[in-house]
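What follows is a set of notes on a single structure, which appears directly below.
The values are calculated or read from the model by the stated rules, or taken from the named source; none is laboratory data. This is a predicted model, so every value here is computed, not measured. Quick reminder, even Gly has a Cβ in these numbers, built from the backbone with ideal geometry, and neighbours come from all protein chains shown. With ligands, DNA and RNA removed, areas are computed over all heavy atoms of the protein, side chains included. Shrake-Rupley method; radii C 1.70, N 1.55, O 1.52, S 1.80 Å.
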Amino acid sequence: MAVIRILLFCLLFIHGSITAQDSLSIKKIRLTAFTVTSASAYAITLIGLNQLWYKDSPKESFHFFNDDSEWKQLDKLGHFYSSFYLSYGGASALNWCGVKPKRSDLIGSLIGFGVMLPIEILDGFSSAYGASVGDIVANTAGAAFYLGQKSLWNEVRIYPKFSFHTTHYAALRPGVLGDNDVSEFFKDYNGQTYWLCVDMDKFLRFPKWLNLAAGYGAQGMIYARDNQNTAAGYESPYRQYYLSLDIDFRSIKTRSRFVKALIFAASMIKLPSPTIEFSSKGTRFHALYF
């Protein structure tokens with residue numbers, strides 16, 4: 001997932017640049033270039049991922065592995081988030097190529113789901129992993145969340161977002177949770193929070209630049225499963241729910257393609273803001289929650 005997330009951010013920064021341009025009719029050159037470039041880049045990515053991630057993992061016949069109870073399902077939200085933005089990016093790129101909106105939305109959603117599927121196939125042949133039905137469901141949900149909003153409102157009004165803060169848990173198991181700030185960003189689920197940010201002014205009178213956000217995270221996960229934590233002598237992990245505010249950078253008007261690309265990339269991240277946390281430990285207020 002670390003490799004996929006890095007590629008996702010790169011893809012969407014490029015997407016922000018190209019969608020700043022206007023195009024009303026199908027441009028065969030653009031469409032051909034997009035198709036060939038995307039297919040080639042993805043093929044190279046899969047080959048590289050196979051070498052880096054699965055090379056040293058023993059192979060066996062294709063099998064499934066039930067990991068639904070691991071990491072308090074935060075890994076599943078990562079799949080949902082990635083699939084949503086791959087769908088969004090694919091649809092927007094196709095629209096830039098001149099494909100009509102409804103068709104580009106449908107194809108983009110299939111791209112979002114399809115890009116993630118081979119990862120599960122590679123997992124399925126690895127003895128260290130296994131294909132996950134839960135991951136496939138999360139991939140499907142992310143693509144459907146994009147397509148459903150475009151079908152219902154002809155626009156996206158609710159955006160998944162991501163935030164991260166370092167925790168002390170990584171030091172307890174650095175081989176799994178990360179041994180530096182970069183690896184912890186991808187591996188330490190204790191520091192990850194996934195959000196749904198609602199563009200409130202699309203529903204009622206509300207400041208255009210301000211959104212409401214509901215978030216989900218978890219703490220205490222040194223191991224993937226609760227019973228593994230308690231068996232190792234740690235407290236049982238617990239879930240956290242958040243209510244917060246969010247800045248809507250899309251309300252900024254600019255003609256600069258580069259600035260629009262930055263705005264799009266920044267809009268994938270939930271910025272620190274006043275937040276109320278709810279959990280089994282009680283209710284807590286954060287003046288700035290990362």
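Of all residues in the range 254-270, count the ones that are open to solvent by 70 Å² or more (accessible area, probe 1.4 Å) and closer than 19 Å to TYR159 by Cα.
2
Considering every residue within the range 236-244, establish whether at least one is under 17 Å from GLY78 (Cα atoms), among the aromatic types (Phe, Trp, Tyr) and open to solvent by 60 Å² or more (accessible area, probe 1.4 Å).
Yes.
Any idea how many residues of the range 131-159 are out of contact with any Ser or Thr (no Cβ under 8 Å at 6 or more places or on another chain) and part of a strand (DSSP E or B)?
Selection size over the range 131-159: 2.
Looking for whichever is β-branched (Val, Ile, Thr), within 27 Å of MET221 (Cα to Cα) and under 19 Å from the mean Cα position of the chain (by Cα) here; the options are ILE247, ILE269. Which one fits?
Going through ILE247, ILE269 in turn, the sole match is ILE269.
Among the numbered conditions (1) touching a residue at least 60 places away in the same chain (Cβ under 8 Å); (2) part of a loop (DSSP other than H, G, I, E, B); (3) among the hydrophobic types (A, V, I, L, M, F, W, C); (4) closer than 20 Å to VAL156 by Cα, tell me where PHE206 comes up short.
(1)
Is there a residue in the range 147-159 that is over 18 Å from ASP75 (Cβ atoms), polar (S, T, N, Q) and either over 22 Å from the mean Cα position of the chain (by Cα) or open to solvent by less than 60 Å² (accessible area, probe 1.4 Å) (or both)?
Among the residues of the range 147-159, at least one is over 18 Å from ASP75 (Cβ atoms), polar (S, T, N, Q) and either over 22 Å from the mean Cα position of the chain (by Cα) or open to solvent by less than 60 Å² (accessible area, probe 1.4 Å) (or both), which makes the answer yes.
Considering only the range 169-179, I want to know if a residue exists there that is out of contact with any Leu (no Cβ under 7 Å at 6 or more places or on another chain) and among the β-branched types (Val, Ile, Thr).
Yes; the residues of the range 169-179 include at least one that is out of contact with any Leu (no Cβ under 7 Å at 6 or more places or on another chain) and among the β-branched types (Val, Ile, Thr).
Determine if the range 118-134 includes at least one residue that is closer than 30 Å to LYS28 by Cβ and modelled with pLDDT under 90.
Looking for residues that are closer than 30 Å to LYS28 by Cβ and modelled with pLDDT under 90, one finds at least one in the range 118-134, hence yes.
Hey, can you tell me all the residues within the range 66-91 that are over 8 Å from the mean Cα position of the chain (by Cα), farther than 21 Å from GLU184 by Cβ and either assigned to a helix (DSSP H, G or I) or charged (D, E, K, R) (or both)?
ASP68, LEU86, SER87, TYR88, GLY89, GLY90, ALA91
Looking at THR193, is it under 22 Å from the mean Cα position of the chain (by Cα), open to solvent by 10 Å² or more (accessible area, probe 1.4 Å), polar (S, T, N, Q) and closer than 24 Å to TYR242 by Cβ?
Spelling it out, it is not the case that THR193 is under 22 Å from the mean Cα position of the chain (by Cα), open to solvent by 10 Å² or more (accessible area, probe 1.4 Å), polar (S, T, N, Q) and closer than 24 Å to TYR242 by Cβ.
The conditions are (1) of a type in the set (Phe, Trp, Tyr); (2) in a helix (DSSP H, G or I); (3) open to solvent by less than 50 Å² (accessible area, probe 1.4 Å), and PHE162 fails exactly one of them. Which is it?
(2)
Exactly one condition in (1) within 24 Å of GLU184 (Cα to Cα); (2) assigned to a helix (DSSP H, G or I); (3) not hydrophobic (A, V, I, L, M, F, W, C) is false for TYR223; which is it?
(2)
What is the number of the single condition among (1) open to solvent by 70 Å² or more (accessible area, probe 1.4 Å); (2) in contact (Cβ under 8 Å) with a residue 12 or more places away in the chain that GLN219 does not meet?
Unmet condition: (1).
Condition check: open to solvent by 50 Å² or more (accessible area, probe 1.4 Å), part of a helix (DSSP H, G or I), aliphatic (A, V, I, L, M) and more than 26 Å from ALA33 (Cα to Cα). Does LEU122 satisfy that?
The answer is no for LEU122.
Only one of (1) among the small types (Gly, Ala, Ser); (2) open to solvent by less than 10 Å² (accessible area, probe 1.4 Å); (3) not in a helix (DSSP H, G or I) fails for ALA128. Which number is that?
Tallying (1) among the small types (Gly, Ala, Ser); (2) open to solvent by less than 10 Å² (accessible area, probe 1.4 Å); (3) not in a helix (DSSP H, G or I), ALA128 fails exactly one: (2).
Working only within the range 232-281, note down all residues that are at pLDDT 95 or above, among the aromatic types (Phe, Trp, Tyr) and not in a strand (DSSP E or B).
Selection gives nothing.
Is it the case that some residue within the range 206-216 is in contact with a Lys or Arg (Cβ under 9 Å, 6 or more places away or on another chain), within 18 Å of ASP75 (Cβ to Cβ) and open to solvent by 70 Å² or more (accessible area, probe 1.4 Å)?
Among the residues of the range 206-216, not one is in contact with a Lys or Arg (Cβ under 9 Å, 6 or more places away or on another chain), within 18 Å of ASP75 (Cβ to Cβ) and open to solvent by 70 Å² or more (accessible area, probe 1.4 Å), which makes the answer no.
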